[in-house]
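The values are calculated or read from the model by the stated rules, or taken from the named source; none is laboratory data. Quick caveat, the model's predicted, so the values are computed rather than measured. Here the Cβ positions follow ideal geometry from the backbone for every residue, glycine too, while neighbour counts run over all protein chains shown.
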């Protein structure tokens with residue numbers, strides 16, 4: 001309930017201030033260590049930002065998204081090394097299962113359109129950077145033969161950011177299309193770990209002012 | 001300036017982390033290994049050789065540990081079943097199971113395993129049956145014979161004290177041998193106590209028990225399904241400051 005109110009408050013504040021609504025379909029592909037465990041996913045991102053104008057090449061943007069990740073395997077094979085008193089080592093097999101991994105993320109940042117194509121003032125290539133704050137919801141279990149069996153469930157805060165490059169095309173005074181490619185990374189606080197990935201998105205913006 | 005440096009560092013970190021493309025399947029991250037051979041050596045140890053065929057398909061993966069596992073069940077062994085870690089040399093790794101570790105009458109499925117940062121993998125197994133060693137002692141002694149210093153003779157009886165301890169006796173004179181488990185064929189070493197690859201062995205004479213000096217070979221030949229022949233050639237034990245040479249050979253019947 002608290003999260004829902006938080007989202008609604010965030011969106012209403014920004015829609016009121018910026019009078020824009022942008023809805024994008026995002027394809028997110030995990031990379032690095034995070035990508036070893038999670039599959040790519042699709043999601044929607046709801047945000048707001050002003051239009052680029054000839055005399056306004058920098059704009060602020062705010063958005064939020066919910067990403068639901070599915071693991072690449074039902075069970076991951078993990079192991080634990082036990083050092084015996086005589087100095088020898090035993091390798092104990094184990095497994096790790098992820099039942100739930102969801103990120104709720106809010107972005108806030110700036111985009112910069114350095115130039116406009118010569119023959120039209122409707123196309124705006126841009127680059128941008130966002131800071132991100134959000135929550136991770138996780139449920140899973142880990143077990144090692146003869147040692148331990150742990151079930152974990154809960155949520156933790158995440159912090160991160162993303163960089164992006166994109167293109168916006170103004171259809172008319174009310175609608176714009178935009179496409180974007182970017183790279184992002186975030187830090188989970190408990191337990192400390194890093195998630196990362198890159199994304200493609202295609203969206204439409206409505207200017208209701 | 002500091003803000004600019006921090007911003008550029010932040011952007012670089014994000015771009016760098018986001019650019020390492022992931023592999024499609026979780027299994028692609030695990031290493032791969034295979035077992036090459038299992039050979040019983042003259043000292044009764046079993047030499048097992050394996051090979052790493054993949055360190056893991058993700059760039060930068062390295063092997064952490066390698067080894068073998070074995071089972072008598074009709075399946076691939078579990079990682080910690082009769083597990084032994086091995087030494088990796090290039091792509092090949094070798095380990096030695098101690099003498100007496102395997103039952104020579106059983107067939108074993110032996111697999112190789114390897115670990116890296118992402119997890120572990122076990123190879124398909126190979127079956128090895130009758131890991132039975134043809135032991136040849138370095139001396140040729142008559143059966144039930146003993147020679148201890150100036151004492152020589154033949155045992156009048158050999159009795160099973162427990163499943164892994166046996167006494168060969170001639171009156172008050174006795175040779176005792178204790179195995180770590182039930183007797184198996186192989187070349188064992190004398191030791192203060194019985195453990196894998198080692199036996200506790202000594203002589204009773206003059207009312208006292210004298211342990212054989214550690215590190216001497218004890219040859220155990222399998223004569224039949226229930227009879228094993230123990231032969232000790234030129235071992236020693238201490239009686240005070242005197243070193244006594246001893247040799248003996250006797251059959252134990254299970």
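Quick notes on this structure:
- Verdict on residue A:25 being part of a strand (DSSP E or B), modelled with pLDDT of 95 or more and either within 14 Å of another protein chain (Cβ to nearest Cβ) or more than 19 Å from residue B:29 (Cα to Cα) (or both): yes
- Test for residue A:187: is it surrounded by fewer than 20 Cβ atoms within 10 Å (Cβ to Cβ), within 14 Å of another protein chain (Cβ to nearest Cβ) and under 11 Å from the mean Cα position of the chain (by Cα): no
- In the stretch B:57-80, the qualifying residues are those that are surrounded by 18 or more Cβ atoms within 10 Å (Cβ to Cβ) and assigned to a loop (DSSP other than H, G, I, E, B), and the one that is nearest to the other protein chains (Cβ to nearest Cβ) is B:79.
- In this structure, residue B:54 does satisfy being at pLDDT 95 or above, surrounded by fewer than 18 Cβ atoms within 10 Å (Cβ to Cβ) and within 14 Å of residue B:123 (Cβ to Cβ).
- Only residues that are more than 15 Å from the chain's Cα centre (by Cα) and assigned to a strand (DSSP E or B) were counted in the stretch A:39-60, giving 7.
- Failed item, numbered, when residue A:59 is tested on (1) within 23 Å of residue A:200 (Cβ to Cβ); (2) at pLDDT below 90; (3) within 14 Å of chain B (Cβ to nearest Cβ): (3)
The rows are residues; the columns are (1) more than 10 Å from chain B (Cβ to nearest Cβ); (2) assigned to a strand (DSSP E or B); (3) surrounded by fewer than 19 Cβ atoms within 10 Å (Cβ to Cβ).
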| residue | (1), (2), (3) |
| --- | --- |
| A:74 | no, no, yes |
| A:78 | no, yes, yes |
| A:81 | no, yes, yes |
| A:87 | yes, no, yes |
| A:93 | no, yes, no |
| A:98 | yes, yes, no |
| A:101 | yes, yes, no |
| A:108 | yes, yes, yes |
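- The requirement of being free of Cβ contacts under 8 Å to residues at least 60 places away in the same chain and farther than 16 Å from residue B:146 by Cα is not satisfied by residue B:235.
- As a summary of the residue check, residue A:180 satisfies the conditions (1) modelled with pLDDT under 90; (2) within 14 Å of chain B (Cβ to nearest Cβ); (3) out of contact with any helix residue (DSSP H, G or I) (no Cβ under 8 Å at 6 or more places or on another chain) except for the one numbered (1).
- In the stretch B:26-45, residue nearest to residue B:100 (Cα to Cα) [restricted to those that are within 14 Å of chain A (Cβ to nearest Cβ) and part of a strand (DSSP E or B)]: B:33
- Subset tally (residues that are modelled with pLDDT of 90 or more and either farther than 19 Å from residue B:159 by Cα or surrounded by fewer than 16 Cβ atoms within 10 Å (Cβ to Cβ) (or both)) for the stretch B:212-226: 6
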